[in-house]
Amino acid sequence: MVNITFPNITLPRGLLNETLHILNKTRTEPITVSNAPAIPPWLQHTLLSAYFILLVFALLLMAHYIYYARHARPANYDPPPGEGRLLSIVIPVKSESADTLLGALRRLSALSCPDAEIIVVSDDPPEKGIL
């Protein structure tokens, strides 16, 4: 689990207002850069929109990381054992003789696995009976 803590910042009451007031008193006119081309409003809006889209994407990635960091399974995770686990043995059959199939079924039924099932799947046409 990942713990993320943010520092508590306490500002004295009025500090921000006093700082802004001092900055406004010392600056008498807006700061301009000579020979700088003006950015058209459509470009400003495009850049601002791209910034906010990337900001939202970054926030979603952080939320995704935090969620999966808290709910991650260990690398050696074994699922809980279920009751009545079943072993299924599937035997595909196509044009096999009945003796071959019965011999295979006898050998498989001699296995010491109490929860095993044997499934015989035949591709033969229905009119040809195996047994």
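Return a yes/no flag: does region 89-106 have any residue that is loosely packed, with under 10 Cβ neighbours inside 10 Å and modelled with pLDDT under 70. No, there is no match, as no residue in region 89-106 is loosely packed, with under 10 Cβ neighbours inside 10 Å and modelled with pLDDT under 70.
Please indicate, with yes or no, whether at least one residue in region 67-81 is of a type in the set (A, V, I, L, M, F, W, C), surrounded by 10 or more Cβ atoms within 10 Å (Cβ to Cβ) and modelled with pLDDT of 70 or more. Within region 67-81 (the criterion being of a type in the set (A, V, I, L, M, F, W, C), surrounded by 10 or more Cβ atoms within 10 Å (Cβ to Cβ) and modelled with pLDDT of 70 or more), the answer is yes, since at least one residue qualifies. Exactly one residue among 43, 111 is at pLDDT below 90 and hydrophobic (A, V, I, L, M, F, W, C), and that residue is 111.
The values are calculated or read from the model by the stated rules, or taken from the named source; none is laboratory data. Treat the numbers as computed from the prediction; the structure is a model and nothing was measured. Virtual Cβ from ideal backbone geometry, glycine too; neighbours counted across all protein chains shown.
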